[in-house]
Amino acid sequence: MTIYNVIITARNEEESILIANILQTSCLRCKNIPYFTGSITEQEYNTLKSYGINVQLDCKTKMCSIGLCDVKDGYITISDIKRTISADQTKLTGKNIKIAVLDTGIDADHPDLIGSVIASEDALGEGIKGDVLGHGTHMAGCIKNIAPDVKIVSIRVFDDTGEGTLSGFI
């Protein structure tokens with residue numbers, strides 16, 4: 001039996017009900033948009049597709065630092081960040097700002113981050129606290145270097161090999 005890991009976003013309430021009936025589960029909601037993420041059988045996949053429901057196969061992805069990616073076309077780039085920072089560095093402290101770092105986790109005991117990490121969640125469900133790979137800690141350090149007063153929420157979405165799924169971000 002083939003099992004698909006999928007992400008389904010319902011276009012309206014009727015489609016949400018149809019998805020729930022086919023999969024025998026309720027859809028989750030994010031900002032009032034119904035969605036489903038999880039595993040379905042090949043038969044469920046084919047049934048959903050026959051009703052014209054947009055079923056996206058979840059994919060594994062490698063982590064990628066925004067500073068290393070060439071992200072364009074409507075997305076913020078590291079060049080945009082640098083221009084913003086250099087435009088007025090004196091006002092950029094991060095005071096009263098909370099930022100979530102979706103990465104490999106964060107080592108909250110790192111000397112540069114003590115007192116800055118206010119919450120931590122392992123979205124992979126492996127119960128790992130901290131950062132076994134070091135990438136998330138590095139990213140948090142970069143953020144603290146730019147905005148020293150910022151408070152950080154660590155959300156672990158990449159495993160110890162740097163891989164994760166799109167549904168891990170949802």
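The values are calculated or read from the model by the stated rules, or taken from the named source; none is laboratory data. These numbers come from a predicted model, not from an experiment. Don't worry about glycine lacking a Cβ; one is built from the backbone with ideal geometry, like all the others, and counts go over all protein chains shown. These accessible areas exclude ligands, DNA and RNA; they are computed on the full protein's heavy atoms, side chains included. Shrake-Rupley method; radii C 1.70, N 1.55, O 1.52, S 1.80 Å.
Here are the numbers for this structure:
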| item | result |
| --- | --- |
| So residue 131, is it among the charged types (D, E, K, R) and either in contact with a strand residue (DSSP E or B) (Cβ under 6 Å, 6 or more places away or on another chain) or over 20 Å from residue 37 (Cα atoms) (or both) | yes |
| Pair list, Cβ < 8 Å and 6+ apart or interchain, from region 145-160 residues that are under 15 Å from residue 95 (Cα atoms) to residues that are open to solvent by 70 Å² or more (accessible area, probe 1.4 Å) and part of a strand (DSSP E or B) | 150/98; 151/98; 151/118; 152/98; 152/118; 153/98; 153/118; 153/121 |
| Listing of strands (runs of 3 or more DSSP E) fully contained in region 21-72 that carry 1 or more residues being of a type in the set (D, E, K, R), within 16 Å of the chain's Cα centre (by Cα) and at pLDDT below 65 | 60-62 |
| Conditions (1) modelled with pLDDT of 90 or more; (2) of a type outside the set (Lys, Arg); (3) in contact with a Ser or Thr (Cβ under 8 Å, 6 or more places away or on another chain): number failed by residue 114 | (3) |
| Odd one out for residue 126, checked against (1) modelled with pLDDT of 85 or more; (2) closer than 30 Å to residue 57 by Cα; (3) open to solvent by less than 70 Å² (accessible area, probe 1.4 Å); (4) out of contact with any strand residue (DSSP E or B) (no Cβ under 7 Å at 6 or more places or on another chain) | (3) |
| Residues being surrounded by 15 or more Cβ atoms within 10 Å (Cβ to Cβ) and among the charged types (D, E, K, R) - total across region 2-23 | 1 |
| Residue that is most open to solvent (accessible area, probe 1.4 Å) [pool: residues in region 102-121 that are assigned to a strand (DSSP E or B) and closer than 15 Å to residue 149 by Cα] | 118 |
